[in-house]
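What follows is a single structure, written as structure tokens, with notes after it.
The values are calculated or read from the model by the stated rules, or taken from the named source; none is laboratory data. In this text, all values refer to a predicted model and were calculated from it rather than measured experimentally. Here the Cβ positions follow ideal geometry from the backbone for every residue, glycine too, while neighbour counts run over all protein chains shown. Ligands, DNA and RNA are stripped out before the accessible areas are found, and what is left, the full protein with its side chains, is counted by its heavy atoms. Shrake-Rupley method; radii C 1.70, N 1.55, O 1.52, S 1.80 Å.
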Number of protein chains: 2
Amino acid sequence: MNYFEFPNIAEWQGILARPSSAGEDLRPLCEPVFTDVAERGDVAVKEYVERFDRVKLDALQVSDAELAKAESEVSDELKAALSEAYANIERFHAAQRVERVAVTNGPGIDCWQEYRAIERVGLYIPGGSAPLFSTVLMLAIPAKLAGCSEIVLCTPSNSEGIVNPAILYAAKLCGVTRIFKIGGIQAIAAMSVGTVTVPKVSKIFGPGNRYVMAAKQFAQSMGVAIDMPAGPSEVLIIADKSADVRFVASDLLSQAEHGADSQVVLLTTSRELYSSIDAEVERQRRLLSRADIAQKALDNSRVVLVESVERAVNMSNMYAPEHLIICVEEVDRYLPDISNAGSVFIGNYSPESAGDYASGTNHTLPTSGYATAYSGVCLDSFMKRVSFQRLSERGLQSLGKTIVIMAESEQLDAHANAVKIRLGYE
Amino acid sequence: MNYFEFPNIAEWQGILARPSSAGEDLRPLCEPVFTDVAERGDVAVKEYVERFDRVKLDALQVSDAELAKAESEVSDELKAALSEAYANIERFHAAQRVERVAVTNGPGIDCWQEYRAIERVGLYIPGGSAPLFSTVLMLAIPAKLAGCSEIVLCTPSNSEGIVNPAILYAAKLCGVTRIFKIGGIQAIAAMSVGTVTVPKVSKIFGPGNRYVMAAKQFAQSMGVAIDMPAGPSEVLIIADKSADVRFVASDLLSQAEHGADSQVVLLTTSRELYSSIDAEVERQRRLLSRADIAQKALDNSRVVLVESVERAVNMSNMYAPEHLIICVEEVDRYLPDISNAGSVFIGNYSPESAGDYASGTNHTLPTSGYATAYSGVCLDSFMKRVSFQRLSERGLQSLGKTIVIMAESEQLDAHANAVKIRLGYE
């Protein structure tokens, strides 16, 4: 870990700088896959699955028999856990529902906004090292609540053509309508352009490696919406002397175990915490199955001793962390000043893993400083707002002059005429 | 105009197909400008302004003296109109405010969402043929309501270095904090990377030509958020015999005058309207100052005679128009079935121009079928949602087992440890 004491504001940006994510431009890799899938459909998808996911599949879609088998393989204990998490996630996202916003701007001028589900959405769940069934819950529950009529899920199978049973069980539980054993660029391409088997969707959600991310960016440039851009996961912790060093260390490690590129930052006003964190992290790290991965992330981590919680909050806002844990006395004083963060965890008993799994909040959050402009996934991510207006003849009369003057000043005659002809001005 | 009678569902897609927007890939044009502006800052911006906006500027920023001069040049009539439009737009967008969504998921498990303004936003207003001061209102009013602390506006000046006074007046009225005389790719680049003079923003809004659009896409791929992708403007009208042919024609022309690439579609159940629309459009078109532009758009327009309003609504949902005008008997029956549209105008006295200027709804809307997944600009476009959670020890106890089981099933030990260590499981 890297240590800094009382840095000047001028130094903050340098201390908190994320590693440049420039890297290789993967766009040229995506384009031919999208074109090929658009032209040759399922045949092309199967070829790419064979080449990149390293499995030869007869059927891309997961069958009912496979779903039933998966259900029998998931332990009752995990089923109960999923069910509790489901209920909390559902309640938090259902509370976000807004039916209608309506305003009457004078007699006969009624304007309102209604929400409509995005009809077809696609979820991507990585295969890779950990079976992220929790992400299935985080994406499919709000999709179902929103009323999306088609919820497609793509995830790579293993080399025997088998998808992790917990992923399948969670998908069925959440009402995913079709599941396909497709990973990587080809999965995003199939959902973007559609094939005989895989429906074309309007918006794609979910995490993935840099190939999947590049493919989502490519899909976006073709007009398919995506949840958000993504980078490595990150946590920033603000702690004073009220924080327990063991808890703080465990949270830093939760983030560090995600990957060698995970970003881990601790800002503290406590000299004692600042001095003791290293040993406690090391003590806990050695016991982890992913101890090596965690160490790599920790090598780049930053621990900063700061003068005050106010300064720490300012630094955090500059960094705009995906996850912010704040464990300080009189914490409520500081919450209104937190402007840039994906999800905030308050106090000694709110570890990030609570929100990652089960408290109800969403864990699909903006990384890489995107929290300055992006929200995490929420119910609204699966809906769009449609504006409506109904003017009566009287309503148009009262607005008519204003519309005509503005339209004529913008040199748009026909816009003015649409009013004039209705009101008999011509 | 192109006419179709009672087409089969299988033919709908072909009839409603938008011209392919593939065209030239402008990305390679954007990259060097962004790099150059990042490296050489204002000097580079001024060079591009000289080359592409064709004006040599001493100062990029509009001065207070220029703002005062603009104010004196805008007529009282237009000022009154802007003031009425302002009040309606403000009321409609203020009604969209949601302060907080809170849920208690069991004792000691409090989760909530709060809204925070995006601190720095950039608005782009095209120069070009029409001075779109109305778009200043549509973007800056919700930005101010949201509480954005820096609202930057870029717009090209004319060859004398003068910006249209109505644009400047509207910008000042709406609380835009800084205005720059920069157009095209260089404007988007300056706001994306920041220079000594132009602040770096987190999100860029506004229309523009294909260069501006390509630059916004490029900015997005760098991590700057944008309002939405954009294409040519469009209207789809659903009308039965209750619609007045003169009004329908005027609305088709309002859209057609925007540009030769504007999309204009009429779906009607009325044989009489179907037969008479052509002559009425022609009668009104000839009187327009932009008669030639309108004619070009009309050459590609489509008029479809359909069996029922239900079918028309289904067709419209497939097309997902930016603007939908629906003028039919018993219209309320059909509104719930409208799923894909940017903004809906109901009845004989709700011309699109009402929403374009003054009724209160936003006119920055998804084109090109993006209404399947995107909303128009609204208050939320200038804010992000931050999740918060506070668990007590008791709260974490009740969720602890669920979190540990899920984390361990995902092979994320440290996530489980963060709970175990707090609850004394270890």
message = For the range B:363-386, give me each residue that is within 7 Å of chain A (Cβ to nearest Cβ) and either within 16 Å of A:Asn105 (Cα to Cα) or in contact with a Cys (Cβ under 7 Å, 6 or more places away or on another chain) (or both).
response = B:Arg385
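Have a look at A:Phe218, A:Phe247 and point out the one that is assigned by TED's automatic domain parsing to the domain that holds A:Val33 and crowded, with 20+ Cβ neighbours inside 10 Å.
Values: A:Phe247 fails: assigned by TED's automatic domain parsing to the domain that holds A:Val33.
Being assigned by TED's automatic domain parsing to the domain that holds A:Val33 and crowded, with 20+ Cβ neighbours inside 10 Å holds for just one of A:Phe218, A:Phe247, which is A:Phe218.
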ask   = Scanning the range A:193-215 for residues that are among the charged types (D, E, K, R) and more than 14 Å from the chain's Cα centre (by Cα), which turns out most open to solvent (accessible area, probe 1.4 Å)?
value = A:Arg210
query = If A:Tyr319 passes every condition in (1) surrounded by fewer than 19 Cβ atoms within 10 Å (Cβ to Cβ); (2) more than 9 Å from chain B (Cβ to nearest Cβ) but one, which one does it miss?
reply = (1)
request  = Please find, among B:Arg394, B:Arg390, the residue that is facing another protein chain (nearest Cβ under 7 Å), surrounded by fewer than 23 Cβ atoms within 10 Å (Cβ to Cβ) and either in a helix (DSSP H, G or I) or touching a residue at least 60 places away in the same chain (Cβ under 8 Å) (or both).
outcome  = B:Arg390
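Looking only at the range A:233-244, count every residue that is open to solvent by 10 Å² or more (accessible area, probe 1.4 Å) and of a type in the set (Asp, Glu) and tell me the total. So that I can check it myself, show each step before the final result.
Taking the range A:233-244 and keeping what is open to solvent by 10 Å² or more (accessible area, probe 1.4 Å), we get A:233, A:240-244.
If we keep only those that are of a type in the set (Asp, Glu) as well, we get A:240, A:244.
So the answer is 2.
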ask   = Filtering the range B:378-387 down to residues that are outside any strand (DSSP E or B) and open to solvent by less than 10 Å² (accessible area, probe 1.4 Å), which residue is nearest to A:Pro351 (Cα to Cα)?
value = B:Phe382
message = Being aliphatic (A, V, I, L, M), in contact with an Asp or Glu (Cβ under 9 Å, 6 or more places away or on another chain) and touching a residue at least 40 places away in the same chain (Cβ under 8 Å): is that true of A:Ile277 here?
response = no
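Against the definition (modelled with pLDDT under 95, more than 17 Å from A:Ala17 (Cα to Cα), open to solvent by less than 30 Å² (accessible area, probe 1.4 Å) and within 14 Å of another protein chain (Cβ to nearest Cβ)), how does A:Leu335 come out, yes or no? Show your work before the answer.
Values: modelled with pLDDT under 95: no; more than 17 Å from A:Ala17 (Cα to Cα): yes; open to solvent by less than 30 Å² (accessible area, probe 1.4 Å): yes; within 14 Å of another protein chain (Cβ to nearest Cβ): yes.
For A:Leu335, the condition - modelled with pLDDT under 95, more than 17 Å from A:Ala17 (Cα to Cα), open to solvent by less than 30 Å² (accessible area, probe 1.4 Å) and within 14 Å of another protein chain (Cβ to nearest Cβ) - is not met.
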task = State whether one or more residues within the range B:417-426 are under 43 Å from the mean Cα position of the chain (by Cα) and open to solvent by less than 10 Å² (accessible area, probe 1.4 Å).
result = no
ask   = Looking at B:Phe133, is it over 30 Å from A:Val377 (Cβ atoms) and not polar (S, T, N, Q)?
value = yes
task = Identify all residues within the range A:402-416 that are facing chain B (nearest Cβ under 7 Å) and either surrounded by fewer than 24 Cβ atoms within 10 Å (Cβ to Cβ) or within 30 Å of A:Ile141 (Cβ to Cβ) (or both); write none if there are none.
result = A:Thr402, A:Ile405, A:Ser409, A:Glu410, A:Gln411, A:Asp413
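Here's the yes/no breakdown for (1) without any contact (Cβ under 8 Å) to a residue 60 or more places away in the chain; (2) in contact with a Ser or Thr (Cβ under 8 Å, 6 or more places away or on another chain):
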| position | (1), (2) |
| --- | --- |
| A:Leu78 | no, yes |
| A:Leu82 | no, no |
| A:Phe92 | no, yes |
| A:Arg97 | no, no |
| A:Val103 | yes, no |
| A:Cys111 | no, yes |
| A:Arg116 | no, yes |
| A:Arg120 | no, yes |
query = Which condition number in (1) under 21 Å from the mean Cα position of the chain (by Cα); (2) without any contact (Cβ under 8 Å) to a residue 60 or more places away in the chain; (3) within 11 Å of chain A (Cβ to nearest Cβ) is the one that B:Ala260 fails?
reply = (3)
note = Picking from B:Asp25, B:Asp42, the residue that is of a type in the set (Asp, Glu) and surrounded by 13 or more Cβ atoms within 10 Å (Cβ to Cβ) would be B:Asp42
request  = Kindly indicate whether any position in the range B:192-207 is in a helix (DSSP H, G or I), in the same structural domain as B:Ala146 (by TED's automatic domain parsing) and within 29 Å of B:Val74 (Cα to Cα).
outcome  = no
